[in-house]
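Reading through the C-alpha cells given below for one structure.
Nothing in this text is a laboratory measurement; each read-out follows from the coordinates by a stated rule. Remember, it's a predicted structure, so these values are computed and weren't measured experimentally. As a convention, Cβ positions derive from the backbone with ideal geometry for all residues, glycine included, and neighbour counts pool all protein chains shown.
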Amino acid sequence: MNTAKLRLFCATIFGLIVSQSSAQVGLTPSSSTVFAGYASVSYEAATDTDFKNDFTASFSPVFLYDLSDDFLFESELEFGLSGEITTTSLEYAQIDYLGFENWQIIAGKFLVPFGLFGERTHPSWINKLPTSPLLYGHAHGGVAEGGALLPILSDAGVMTRYKKNLNNRWSLDFTGWVSQGPRAAPGSEDSHEEEPDDHEEAAPFVQTRYVTNSSSRLGEDDHDEEAASEIPGVGFGVAFSDNNSNKMIGARLGLVSGPTFEAFVSGFHARYDDEDNLDVVATNLAIEYRSGQWDFKSEGILMWQDVVRGDEIEVLNRSGFYLQLARRRGAFEPVVRWSQIPESSFNGQIAFEEKSEISFGINYWLQPSIPLKISYHADFDSEDHIYVQWAYGF
C-alpha cells in the first residue's frame, strides 16, 4: 500500500471512530460549541526610585457547549505570564440546567456571585481599568494578595438562580449557593519575616500575619513571640477537598431595572479552620447605574474573621469600598475610580494599615471588544503606578 492510500485509509477509520463516539454521547444536529474568551498584554511601571517596570500577559479561553435548549456546559481556563512564572488555573467549569421558566440550577466550579465585580466585571476587556479595585486581589493560591479583602471568588458546589418580573420595568434577581468554602492558609517557616511590599506578589498560602504589643506594624523581626497574635490567611477555592465538615452558604438578592439600574445585597458564611470553630462572614452592597454614555459602579464590603487568641476567639473586622465613574465619548472613555480599605485593628494593635488609591484612566476602543487602556494610579501610602493594557475579547 503506497503512502497516499495509507493516509486515506487512516482518515476513513478516524472519521468512523469520531462519528461512533459522537453517537454514543448523544450529540445532535442542534448541539453547538462556542469558543470564546479574552486576552491581554499589560505594562506596569512603579514610580519609585528604581522605576520598576514589567510586562505581563494572560490568556483566558472560554468553552461553551450547548447540548440542547435545557443544558449548557461552560468553562474558563486562565493562563498567565508574570516575570518568570507561568500560572494555570481553572476559573470555572459548570453544568447549567435551564429547563425551568424562572429557575436555573448550576453545579460544578463557578464564579461565586458575591457582589458584581468578580462574577461580571473582572475580565480584562470588560474591566475599565487595568487593575482590580483594592477590595479584590487575584490570587492563584486562593488568598487575596496585597492586603485585599478577598480574591476573585471561585468555588465548587451547587448554585440556583431565580428571576421574577415585578412589572414591565422592575424585576427581582435571587441567587443562592452552597460550596466547599474557605480554609485556613498555612504559614511557613518564614512567616515571621518582613512582609513583602503591598505591590509585590505574595507566594500562595504565605499569608500569616502577626500583631504584637511591641509594635504597631506587622511582620517586624523583633516581635515578641509570646505576645504575638496570629491572624491566618483565608484561602478560597484552593482545592476540591474540604478541611472540615462545614460548607460556605451564601446568597445574593437584587433589584433590577432593565439595563439601567441594578442594586444587589449579598453575603456568605463559612468556617475555615480544621476544627470547624472559626467563622468568616462577609456582606456586600453593589450598585450599578448606566444612562446614555455614563457608567457608574460601586461596591462596599464588610468582613468578619474569627481569630484564636490564647484560649479565646476574637473577631477581626475589615471593610472597604470603591466608586467608579466612566463616560464614553466616541471611541474614547475617561475613567476614574476611588478605592479604599480603612485601617483595621486586632488585639489593640494595627492588623492592616489603611490602603487608599485614586485611579485615572483613558480607554480607546479600537473595536467594541478591543480596548487600549492607559491609567495612572495614585497610592496615598506607597509609590504610584502607571499601567498600559491592550485587551482583546473574542
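Packing, taken as the mean count of other beta carbons within 10 Å per residue, orders the peptides 97-106, 69-78 from highest to lowest as 69-78, 97-106. About its Cα centre, the dipole of region 74-132 is roughly 180 debye, where the only charges are +1 on Lys and Arg Cβ and -1 on Asp and Glu Cβ.
For Lys163, no lysines have a Cα closer than 16 Å to its Cα, not counting residues fewer than 8 places off in the same chain.
Taking each residue as 0.36 nm, the span from Asn102 to Arg290 lengthens on full extension beyond its C-alpha to C-alpha distance by 65.2 nm. Over 23 Å apart at the Cα level, from the set Lys247/Lys297; Lys297/Lys355; Lys297/Lys373; Lys109/Lys164; Lys128/Lys355, are Lys247/Lys297; Lys109/Lys164. Each label point was placed 7 Å from the Cα along the Cα-to-Cβ direction; for Tyr376 and Ile350 their separation is 2.7 nm. Modelled label positions at Ile358 and Leu325, each set 7 Å beyond Cα in the direction of Cβ, lie 1.2 nm from each other.
Applying both filters, DSSP loop and at most 12 other Cβ atoms within 10 Å, to the trypsin sites (Lys or Arg not before Pro) of region 89-189 gives Arg169. The calculated FRET efficiency for Phe71 paired with Thr260, based on their beta-carbon distance and R0 = 51 Å, is about 0.95.
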